[in-house]
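Enquirer: For reference, the structure I am asking about is given below.
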Amino acid sequence: ANSSSKLRKFKIYKYVDRSGNLNFADKRKHSGFKRFSLGKYRHRGRPRGIAKGKVLGYEKGKRVYGAIIRNISNKFGVSANLIHAVINTESAYNSQAVSSAGAVGLMQLMPATAKRYGVSNRRDPIQNIKGGTQYLRDLLKLFNGDLRLTAAAYNAGENAVLKYNRDVPPYKETQNYVVKLLDFYNKLEKK
């Protein structure tokens with residue numbers, strides 16, 4: 001038997017607990033565990049089921065979400081351009097985006113961050129942008145307005161930045177993220 005038929009025989013069950021944490025098991029531990037299939041992930045390009053929504057990109061994203069972002073920006077005192085830069089970097093304006101780490105929506109909120117800011121539906125664009133913007137506001141305060149550290153903390157978590165003496169952690173992903181986000185933000189600021 002080839003490896004793909006072996007995979008088909010192997011059963012995996014998935015359960016999402018009240019905190020939004022994913023749990024996997026090879027046996028159904030209780031009725032909340034549902035069969036998980038690898039089948040829908042086997043094809044070229046973007047995996048089906050991971051990001052169902054459309055990737056809009058900045059121009060379309062600004063048309064669709066611009067007014068919402070301006071209102072939330074004003075409410076929480078965070079630059080609309082910074083919010084746009086985070087959304088563009090995190091999800092390219094795909095409100096249904098889901099990362100392999102479990103972050104969801106336009107601003108890729110993790111379950112704990114969503115809970116901290118009262119976001120009950122991470123896929124809802126308005127709730128997601130509000131929660132992500134409040135998180136940005138708090139990170140900006142924590143890091144005295146330093147955009148580099150705020151971006152690093154948004155990606156790796158504030159504790160990672162604090163652990164490395166208030167500097168960008170030595171994670172390649174975070175370092176690339178900071179450069180990409182700040183490049184985009186600076187382009188928006190020049191417009």
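Enquirer: Which three extents, in angstrom, do the Cα atoms of the stretch 50-149 have along their principal axes, listed largest first?
Expert: So the three principal-axis extents are 37, 29, 23 Å.
Enquirer: Next question. Rounded, prolate or oblate: pick one for the stretch 136-182, where a ≥ b ≥ c are the square roots of the eigenvalues of its C-alpha gyration tensor, a/c under 1.5 means rounded, and failing that, prolate if a/b is larger than b/c, else oblate.
Expert: oblate
Enquirer: Please give the contour-minus-distance gain from ASN159 to SER79: 0.36 nm per residue of separation, less the Cα-Cα distance, rounded to one decimal in nm.
Expert: Separation in residues times 0.36 nm, less the Cα-Cα distance, equals 26.5 nm.
Enquirer: Still on this structure, I have one more. Roughly to the nearest percent, how much of the accessible area of the stretch 57-191 is carbon and sulfur, given a 1.4 Å probe?
Expert: Using a 1.4 Å probe with all protein chains present, the stretch 57-191 comes out at 49 percent carbon and sulfur.
Enquirer: Related question: Once R0 is set to 22 Å, what does the formula 1/(1 + (r/R0)^6) return for the Cβ-Cβ distance between ARG63 and ALA101, expressed as a FRET efficiency to the nearest 0.05?
Expert: So the FRET efficiency works out to roughly 0.15.
Enquirer: Follow-up question, since we're still on this one. Please list, in chain and number order, the residues 5+ apart from LEU109 or on another chain whose amide H is under 5 Å from its amide H, with Hs placed from the backbone.
Expert: It is VAL104, by chain and number.
Enquirer: Then there's this: Each residue of the stretch 174-191 in turn: what ³J(HN,Hα) in whole Hz from Karplus with 6.51, -1.76, 1.60 and θ = phi - 60°, glycine and Pro shown as x?
Expert: 5, 4, 5, 4, 4, 4, 4, 5, 5, 4, 5, 4, 5, 4, 5, 5, 7, 5
Enquirer: With a 1.4 Å probe and every protein chain left in place, work out the accessible area per residue of the stretch 46-146 in Å², rounded to a whole number.
Expert: With the other protein chains kept in place, the stretch 46-146 gives 48 Å² per residue.
Enquirer: Past 24 Å, Cα to Cα: identify those pairs from LYS60/LYS191; LYS130/LYS180; LYS75/LYS115; LYS115/LYS191, in the order given.
Expert: Long pairs (Cα-Cα over 24 Å): LYS115/LYS191.
Enquirer: If you don't mind, another one. Quick one: Karplus J couplings for the stretch 58-65, per residue in order, coefficients 6.51, -1.76, 1.60, θ = phi - 60°, nearest Hz, x for Gly and Pro?
Expert: Along the stretch 58-65, the couplings run 4, 4, 5, x, 5, 5, 6, 10 Hz.
Enquirer: Quick one: if you stick a label point 7 Å off each Cα along the C-beta vector at ARG70 and ASP124, how many nm between them?
Expert: 2.4
The values are calculated or read from the model by the stated rules, or taken from the named source; none is laboratory data. Quick caveat, the model's predicted, so the values are computed rather than measured. When we count neighbours, we look across all protein chains shown, and the Cβ atoms used for this are built from the backbone with ideal geometry, even at glycine. For accessibility, only protein heavy atoms count, side chains too; no ligands or nucleic acids. Shrake-Rupley method; radii C 1.70, N 1.55, O 1.52, S 1.80 Å.
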